[in-house]
Amino acid sequence: MPSSINRPRGTIDVLPGEVEKWQYVEESFRRICREYGYAEIRTPVFEYTELFDRGVGETTDIIEKEMYTFLDRSERSLSLRPEGTAPIARAYVEDKLFSGPQPVKVYYQGPMFRYDRPQAGRYRQFHQLGIEVFGAFSPAIDAEVIAMSMDFCRRFGLKLDLHINSVGCGVCRPVMREKLYAGLRTRLEDLCEDCRLRLERNPLRILDCKEKRCRGMAEEAAAGLNFLCPECGDHFEKVRNYLDVLDVKYIVDHCLVRGLDYYTRTAFEIMAPGIGAQRSVGGGGRYDGLVEMFGGPPTPGIGYAMGLERLLLVMQEQGLPVPCSGRLDVYIVTAEAELEGKALRLLQELRGNGMHADKDYAGRSMKAQLKQAGKSGAPFVVILGSDELRRGKVALKDMLSGSQTEVPLADLVATVTGEIDTHFTKVRRFKG
RNA sequence: GUGGAUGUAGCUCAGAUGGUUAGAGCACCAGAUUGUGGCUCUGGGGGUCGUGGGUUCAAAUCCCAUCUUCCACCCCA
């Protein structure tokens, strides 16, 4: 007996019955992206490691301890992508998208990889849905991007909180860092162990520490900062105004800082109330320096990413309707084994007319075939019997009522198609 | 990476203080007279008790290690 092999830690198999929910979310995302004028972009799942080192920031946790990095056969360092923005910014430069009409609006969906300790809602291979806009300075685009992410969630009926903040630009962020550093350095003893390290390495992170004693100090420090330069302050104010115009509710959270280095100005995060520690279902912001950092022309950028697994988790948590597993329209049952050939031909004909049709392939008794038909969820069953066939007819059984009628073989496809149409206008393909 | 919990049939779980062939419900498969599902009844298949060591005459039950999942932290999607 060979020993069995398990999937790697922090990965999942998405099985039939579950995968329909994924498709539902993915298809909804595609639809809304097209509505908002985004085109899909697909980039490799692995890139040169340097791309992430430079783009995401060498002192971030993602780069320091969460990347799947390996050498290929010619000793080049590659990494599985831990996020989607840096690769797309790279493509924008490499594929010269800056030379076409601006702004460039793209969306993507696919797996990301981070070597982290797994937990519910946190996996080593997880999936993101995201958008990016390049070449738009206007605060109106910030508002639209944020509004679109909330619109997407709202269409599922999700109740989520939107937190927004401005983290400043290359001019005012260093000022803020300095102020924060100066303000907290004198109170080193009051900070938690982690924050003492953060103070030297990245003081802004102290703002979202969850330790109680740091929280108080952080909020105090953040409120008193008021560090934004006039341009950034004006930008943030306009973003908020546009959000108001769009009737998007938000919480201004001065402690919101994002974990990736490339963010400038607008930062936002979508949080689900009460699903444990993994309550962030998505987030994003502006990254005006990123394209230039990759050797492109100075180009503003903004985008967000949402976690598919977390979206599904919250949807389940909030008891929202999601599609049930794929159903059949018709199931074919034969009364005698000799009719199997006829059944196969009929099946193909039904399928050729767009029906979702299937039959038994285990050589079961008629009774057992009916049982399978019942489990398949097909609302109709076609029963082939030699008596009826002699008269050129087949039996069509309505599985809901149990009633049964005889239909001329020649009319079968048309009759079934009609029945299915009326059936599915009555029965919605969703369950609570 | 740190701390804590968990792991018995496909699923949800029973299996006091270690002792004969490890159980239930659900699911699965098959029957309950001639060609008909969902209810009921009967029967059946399926478990190296996460894995590997150890203690013992004897371990699912005790000890160690390891893996998985979960919770908190770190961080984030």
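The values are calculated or read from the model by the stated rules, or taken from the named source; none is laboratory data. Computed from a prediction, not measured in an experiment: that's the story for all the values here. Neighbour counts are summed over all protein chains in view; Cβ atoms, including those assigned to glycine, are modelled from backbone coordinates with ideal geometry.
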Checking A:Phe52 against (1) more than 15 Å from RNA strand B (Cβ to nearest atom); (2) touching a residue at least 12 places away in the same chain (Cβ under 8 Å); (3) under 23 Å from A:Gly283 (Cα atoms): exactly one of these is not met. Which one? (1)
Residues A:Gly363, A:Gly341, A:Gly282, A:Gly289: which one is small (Gly, Ala, Ser), within 26 Å of A:Gly110 (Cα to Cα) and surrounded by fewer than 23 Cβ atoms within 10 Å (Cβ to Cβ)? A:Gly289
What do you reckon, is A:Gly377 near RNA strand B (Cβ under 9 Å from one of its atoms) and closer than 30 Å to A:Phe29 by Cα? yes
Test for A:Arg7: is it in a loop (DSSP other than H, G, I, E, B) and either touching a Ser or Thr at 6+ places or on another chain (Cβ under 6 Å) or outside the structural domain of A:Ser149 (by TED's automatic domain parsing) (or both): yes
Has the range A:314-335 got at least one residue that is of a type in the set (Ser, Thr, Tyr), under 30 Å from A:Glu144 (Cβ atoms) and modelled with pLDDT of 95 or more? no
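Every residue, every condition in (1) in a loop (DSSP other than H, G, I, E, B); (2) near RNA strand B (Cβ under 10 Å from one of its atoms); (3) in the same structural domain as A:Gln318 (by TED's automatic domain parsing), yes or no:
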| position | (1), (2), (3) |
| --- | --- |
| A:Gly354 | yes, no, no |
| A:Ala373 | no, yes, no |
| A:Val394 | no, yes, no |
| A:Leu400 | yes, yes, no |
| A:Ala410 | no, no, no |
| A:Thr415 | no, no, no |
Among the candidates A:Leu199, A:Leu160, A:Leu184, residue that is under 30 Å from A:Asp244 (Cα atoms) and either within 15 Å of RNA strand B (Cβ to nearest atom) or polar (S, T, N, Q) (or both): A:Leu160
Residue that is more than 16 Å from RNA strand B (Cβ to nearest atom), closer than 27 Å to A:Ala89 by Cβ and assigned to a helix (DSSP H, G or I), where the choices are A:Arg240, A:Arg265: A:Arg240
Index of the failed condition, A:Arg213 passing every other in (1) touching an Asp or Glu at 6+ places or on another chain (Cβ under 9 Å); (2) surrounded by 15 or more Cβ atoms within 10 Å (Cβ to Cβ); (3) at pLDDT below 75; (4) over 19 Å from A:Gly259 (Cα atoms): (2)
Just one of A:Asp387, A:Asp421, A:Asp358 is within 16 Å of RNA strand B (Cβ to nearest atom) and closer than 30 Å to A:Glu20 by Cα; which is it? A:Asp358
Return only the number of the condition from (1) within 25 Å of A:Pro323 (Cα to Cα); (2) within 18 Å of the chain's Cα centre (by Cα); (3) within 16 Å of RNA strand B (Cβ to nearest atom) that A:Pro16 does not satisfy. (2)
Scan the range A:290-332 residue by residue and report those that are under 30 Å from A:Thr417 (Cα atoms), free of Cβ contacts under 8 Å to residues at least 60 places away in the same chain and not hydrophobic (A, V, I, L, M, F, W, C). A:Tyr331
Out of all the residues in the range A:291-328, which are assigned to a helix (DSSP H, G or I) and near RNA strand B (Cβ under 10 Å from one of its atoms)? A:Leu308, A:Glu309, A:Arg310, A:Leu311, A:Leu313, A:Val314
Right, A:Asp398: out of contact with any Lys or Arg (no Cβ under 6 Å at 6 or more places or on another chain) and surrounded by fewer than 18 Cβ atoms within 10 Å (Cβ to Cβ) or not? yes
Kindly evaluate A:Val56 against the criterion of being assigned by TED's automatic domain parsing to the domain that holds A:Glu317, modelled with pLDDT of 95 or more and either hydroxyl-bearing (Ser, Thr, Tyr) or under 21 Å from A:Gly296 (Cα atoms) (or both). no
From the set of residues in the range A:22-35 that are away from RNA strand B (no atom under 16 Å from the Cβ) and surrounded by 16 or more Cβ atoms within 10 Å (Cβ to Cβ), which is farthest from A:Ser376 (Cα to Cα)? A:Cys33
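This table checks each residue for (1) within 26 Å of A:His235 (Cα to Cα); (2) charged (D, E, K, R); (3) buried (at least 19 other Cβ atoms within 10 Å of the Cβ); (4) under 15 Å from the mean Cα position of the chain (by Cα).
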| position | (1), (2), (3), (4) |
| --- | --- |
| A:Asp95 | no, yes, no, no |
| A:Val104 | yes, no, yes, no |
| A:Tyr123 | no, no, yes, yes |
| A:Phe126 | no, no, yes, yes |
| A:Phe137 | yes, no, no, no |
List every residue pair whose Cβ atoms sit under 7 Å apart, with the two residues 6 or more apart in sequence or on different chains, where the first one lies in the range A:384-408 and is closer than 14 Å to A:Ile332 by Cβ and the second, anywhere, is of a type in the set (Ser, Thr, Tyr). A:Leu384/A:Thr334; A:Leu396/A:Thr405; A:Leu396/A:Thr415; A:Val407/A:Thr415
Only one residue in A:Tyr108, A:Tyr123 is in the same structural domain as A:Cys33 (by TED's automatic domain parsing), within 16 Å of RNA strand B (Cβ to nearest atom) and touching a strand residue (DSSP E or B) at 6+ places or on another chain (Cβ under 7 Å). Which one? A:Tyr108
Subset of the range A:1-31 [over 16 Å from A:Phe113 (Cβ atoms) and in contact with a strand residue (DSSP E or B) (Cβ under 9 Å, 6 or more places away or on another chain)]: A:Glu20, A:Lys21, A:Trp22, A:Gln23, A:Tyr24, A:Val25, A:Glu26, A:Phe29, A:Arg30
